[in-house]
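Before any comments, here is the structure.
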């Protein structure tokens, strides 16, 4: 049972009182002098620009992508703001990729939606500023793809399965044509598969994370890419990758998980080999603007 300890008040100045317990200050507050009025802390004011930006943001979020929110004159009237205020607010919301401003005939404010590239650009700046390593990016992909592959294997949605089946058919056709291990073709199919698995997983957040890692990888210098000028590596990676797709189609979570881990493992091994032989120009992530 807790004991109750005495508490006493001590006036340390004419206008200051300190609550003491065992001689230690617990709380100190100011007491106004006689006749002085106590003032409440001021609440932060929301500027007209911020209010207009919030209203524009709400309008954009409630509409489908590409729909007209309104002309400049219409929005000035609707929001009750001046043209400069509206334009400042619109600039803020446009930076968030929620609206697109079109000038001229048939112009106006149209809804837009941010893409993973928008998020990746900010993430790239953060990683570059904190000296992130390329190997960190590669290792981040494995747990994300592993979870996505398992979720996709559980999903028996016919549309998702049909899309993955069509992807695997195209991969087999590329093998027959002899162009499957082309570098640019491989990059395109890798990104396409990420999109398909992301949708099949039903987890929008994990899909976004995967797209961010892909977008960041696309900004890495070509000299640091383990697949560049290495069709043998592309062939080996595609073998495991397509095994993962086949496992997802059959609903085999364990096999999908194993194939996903193998994909990540061999990429890390290649990175270590290239760094050991001087193949990588630098370990920190090089993020040139593209």
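Per residue, the average separation of C-alpha pairs within less than 8 Å and at least 6 apart gives region 48-111 a relative contact order of 45 percent. Ranked by the mean number of other Cβ atoms within 10 Å per residue, highest first, peptides 145-155, 201-211 order as 145-155, 201-211.
Take the Cβ-Cβ distance between residue 54 and residue 156 as r, set R0 to 45 Å, and report the resulting FRET efficiency rounded to the nearest 0.05. Step by step, r from the Cβ atoms, then E = 0.60.
Starting from 0.36 nm per residue, how many nanometres of slack lie between residue 184 and residue 168 once their C-alpha separation is accounted for?
On the way: separation 16, 0.36 × 16 = 5.76 nm, distance 1.78 nm.
Working it through step by step, the gained length comes to 4.0 nm.
Can you pull the Kirkwood radius for region 48-111, inverse mean 1/r over Cα pairs, to one decimal in Å? It is 11.3 Å.
Against the empirical 2.2 N^0.38 Å scaling, what ratio does the C-alpha Rg of region 76-198 come to?
1.56
So for 157, 274, fewest C-beta neighbours within 10 Å to most, what's the order?
On the way: 157 12, 274 16.
The fewest-first ordering by Cβ neighbours comes to 157, 274.
Once the Cβ-Cβ distance of residue 274 and residue 97 is raised to the sixth power relative to R0 = 30 Å, the FRET efficiency obtained is 0.25.
Values in this text are rule-based calculations from the coordinates and carry no lab data. All of these numbers come straight from a predicted model, not from anything done at the bench. Cβ atoms come from the backbone with ideal geometry, glycine included; neighbour counts cover every protein chain shown.
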